[in-house]
Amino acid sequence: MELLSNILNPWNLLAAFLTFAIFSFLYKDNPFYKFAEHLFVGVSLGYSTCIIIFNAFIPKVVNPIFTDFSHNWHLVIAVLLGMMYFFRFSSKYRWLIRFPMAIQIGFTAGISVTLRMDARLFKQLKFTVMPLDNIYTIIVIVGVISVLIYFLFTFKRKGILNPLAKLGTIFLMVGFGATFGNTVMARISLLIGRISFLLKDWLHILE
Amino acid sequence: MDIIKKILHLDRRIIFLTLFIVLLITPFIHLEMKINITNPTRRIFNDVEEMSEGDPIIVSMSYAPFAKPELYPMTLAFLRHCCMKKLRIIFVATNEAGMSIAIQAMEEIKMEFEYEHGKDYVLLAFNPVLSAVMLGMGESITDIFPEDYYGNKTKGLKVLKDVNDYRDIKLLMDFSAGDSPVWWVVYANTRYNQRIGTGVTAVMAADFYPYLNTGQMIGLINGLKGAAEYETLINHTAEATEKMTSQAIAHIVIILFILIGNIAYFIDKRNKRKERHGTA
């Protein structure tokens with residue numbers, strides 16, 4: 001009886017139906033898949049919007065302005081700038097969104113360019129050649145140089161550059177293979193997760 | 001000859017169906033799988049193992065429910081390890097749904113380890129301006145998060161006693177289905193030398209290995225396999241370890257398909273060459 005009530009639990013039924021609706025796309029595109037896809041997009045967007053409004057906008061903007069305006073008046077400027085994005089919907093005033101965009105781009109570039117360069121370029125370059133005391137570092141150096149040579153398109157590759165570029169192709173293929181292998185593993189894990197839901201949480205066939 | 005053509009033009013739906021049937025059967029097969037521990041997972045385990053009771057760590061939840069099958073088992077295993085070591089856990093979220101998953105995870109284990117919100121762990125609210133949060137926590141965590149998820153004032157919470165900024169945090173562990181670990185590296189590690197560990201979906205893992213070599217990340221838990229490794233390390237067999245049989249058998253099926261497809265391709269190529277020579 002308990003098993004039957006669990007199977008007929010409306011939330012479990014809905015989750016199972018949506019799982020099969022999504023899987024049905026593997027056969028071919030159909031209205032059930034379309035319904036599940038649109039529902040997912042709508043629910044995700046609605047959820048995100050609510051979280052941002054109730055966890056960020058109200059406590060960090062609305063409440064401070066209305067409770068202590070004298071100390072938080074500057075937030076009004078931020079709100080007005082943010083609202084200027086809505087001018088996108090007006091053909092006459094669309095140009096006004098350039099102001100908030102310029103500020104946002106300037107802010108992001110200002111705080112992240114130097115840090116990104118340091119984290120993603122300089123440190124990576126440094127540790128490509130250091131410490132030069134083991135075979136792995138030598139493999140990394142050969143890999144980096146050969147792949148960079150493969151991507152030299154500004155002049156015709158001649159002499160030693162040709163075999164090095166071919167070596168670069170091998171390194172690239174190994175890289176793609178590793179990424180593809182990881183992708184297969186990830187997708188299978190997701191499928192196992194769904195099947196686990198069907199057998200364990202919904203049908204209770206598995207303990 | 002016909003069978004080679006049939007294999008080369010195999011309907012992809014047959015592959016999907018085969019995999020689906022295989023994965024429906026495998027949960028009922030109980031094989032003893034040997035879980036080999038990879039170095040990046042072990043490094044995270046060792047780091048937590050070396051911490052003392054009461055040390056504060058930050059756990060960043062950067063994934064939505066779609067990535068739960070891969071990331072939730074490793075989140076649980078890691079949190080279980082933190083609770084065993086009696087660490088103070090500070091949750092932040094860089095994904096809107098992250099805090100809900102953190103709540104679910106703590107609900108599962110807090111009774112077992114007698115963990116209390118505000119005393120042993122705290123859920124800080126989601127803040128959409130990630131760069132400001134990541135940088136701001138390097139100056140003052142309570143200024144960036146004046147209130148926790150439930151609206152309590154963070155100043156005065158027992159779990160945040162003597163915790164001001166990154167300098168007081170032993171490890172920042174990011175569970176992510178996207179590129180947030182890179183942002184933690186850029187903002188928290190590069191600027192404030194915060195130690196970063198990460199648990200990621202297997203799809204993203206290859207992107208983060210370069211950060212392990214440089215020491216910008218101390219370790220990495222890779223997908224469901226990584227979760228099974230962590231469960232093995234903490235001697236707590238759970239969901240991920242149980243699913244390793246299905247995972248392994250599914251991989252064998254895919255490898256077989258790849259092998260059969262390649263063999264058919266080369267036989268077909270040889271046959272075509274023979275036909276060309278025959279007609280010439």
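Summary table below
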| item | result |
| --- | --- |
| Residues of the stretch B:161-197 classified as of a type in the set (D, E, K, R) and touching a Phe, Trp or Tyr at 6+ places or on another chain (Cβ under 7 Å), total | 1 |
| Count - residues of the stretch A:21-36 that are loosely packed, with under 14 Cβ neighbours inside 10 Å and either within 14 Å of another protein chain (Cβ to nearest Cβ) or modelled with pLDDT under 95 (or both) | 4 |
| For A:Ile195: the one exception among (1) in contact with a Pro (Cβ under 9 Å, 6 or more places away or on another chain); (2) modelled with pLDDT under 90; (3) within 23 Å of B:Ala205 (Cβ to Cβ) | (2) |
| Hey, B:Glu147 farther than 30 Å from B:Pro210 by Cβ, away from chain A (no Cβ under 14 Å) and free of Cβ contacts under 8 Å to residues at least 60 places away in the same chain or not | no |
| Subset of the stretch B:128-157 that is of a type in the set (S, T, N, Q) and surrounded by fewer than 20 Cβ atoms within 10 Å (Cβ to Cβ) - its residue that is nearest to B:Val186 (Cα to Cα) | B:Ser131 |
| Condition check for B:Glu139: within 14 Å of chain A (Cβ to nearest Cβ) and in contact with a Lys or Arg (Cβ under 7 Å, 6 or more places away or on another chain) | no |
| The listed residue being of a type in the set (Gly, Ala, Ser) and under 22 Å from B:Asn164 (Cβ atoms), out of B:Gly138, B:Gly98 | B:Gly138 |
| Unique residue being modelled with pLDDT under 90, surrounded by 11 or more Cβ atoms within 10 Å (Cβ to Cβ) and not aromatic (Phe, Trp, Tyr) when the list is A:Asn63, A:Asn55 | A:Asn55 |
| Within the stretch B:144-182, considering residues that are touching a Leu at 6+ places or on another chain (Cβ under 6 Å) and among the hydrophobic types (A, V, I, L, M, F, W, C), the one farthest from B:Gly219 (Cα to Cα) | B:Phe145 |
| Wholly enclosed helices (runs of 4 or more DSSP H) of the stretch B:202-280 bearing at least 3 residues away from chain A (no Cβ under 14 Å) and surrounded by 12 or more Cβ atoms within 10 Å (Cβ to Cβ) | B:223-233, B:239-279 |
| Residue count for the stretch B:176-201, restricted to those that are at the interface with chain A (Cβ under 8 Å from one of its Cβ atoms) and of a type in the set (A, V, I, L, M, F, W, C) | 3 |
| Subset tally (residues that are free of Cβ contacts under 8 Å to residues at least 12 places away in the same chain, more than 9 Å from chain B (Cβ to nearest Cβ) and among the hydroxyl-bearing types (Ser, Thr, Tyr)) for the stretch A:76-113 | 3 |
| Filter pass, B:Glu96 being part of a loop (DSSP other than H, G, I, E, B), within 14 Å of chain A (Cβ to nearest Cβ), more than 23 Å from the chain's Cα centre (by Cα) and without any contact (Cβ under 8 Å) to a residue 40 or more places away in the chain | no |
| Residues satisfying the stated conditions in the stretch A:160-207, i.e. more than 7 Å from chain B (Cβ to nearest Cβ), under 20 Å from the mean Cα position of the chain (by Cα) and not small (Gly, Ala, Ser) | A:Phe176, A:Phe180, A:Arg187 |
| Conditions (1) part of a loop (DSSP other than H, G, I, E, B); (2) within 12 Å of another protein chain (Cβ to nearest Cβ); (3) more than 20 Å from A:Phe54 (Cα to Cα): number failed by B:Phe126 | (3) |
| Lone unmet requirement of (1) of a type in the set (Phe, Trp, Tyr); (2) more than 14 Å from chain B (Cβ to nearest Cβ); (3) surrounded by fewer than 12 Cβ atoms within 10 Å (Cβ to Cβ) for A:Trp11 | (2) |
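Yes/no matrix, rows are residues, columns are (1) at pLDDT below 95; (2) surrounded by 19 or more Cβ atoms within 10 Å (Cβ to Cβ):
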{"residue": "B:Ser52", "(1), (2)": "no, no"}
{"residue": "B:Pro56", "(1), (2)": "no, yes"}
{"residue": "B:Val59", "(1), (2)": "no, yes"}
{"residue": "B:Ala64", "(1), (2)": "yes, yes"}
{"residue": "B:Pro73", "(1), (2)": "no, yes"}
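The values are calculated or read from the model by the stated rules, or taken from the named source; none is laboratory data. Just so you know, these numbers come straight off a predicted model, no measurement behind them. When we count neighbours, we look across all protein chains shown, and the Cβ atoms used for this are built from the backbone with ideal geometry, even at glycine.
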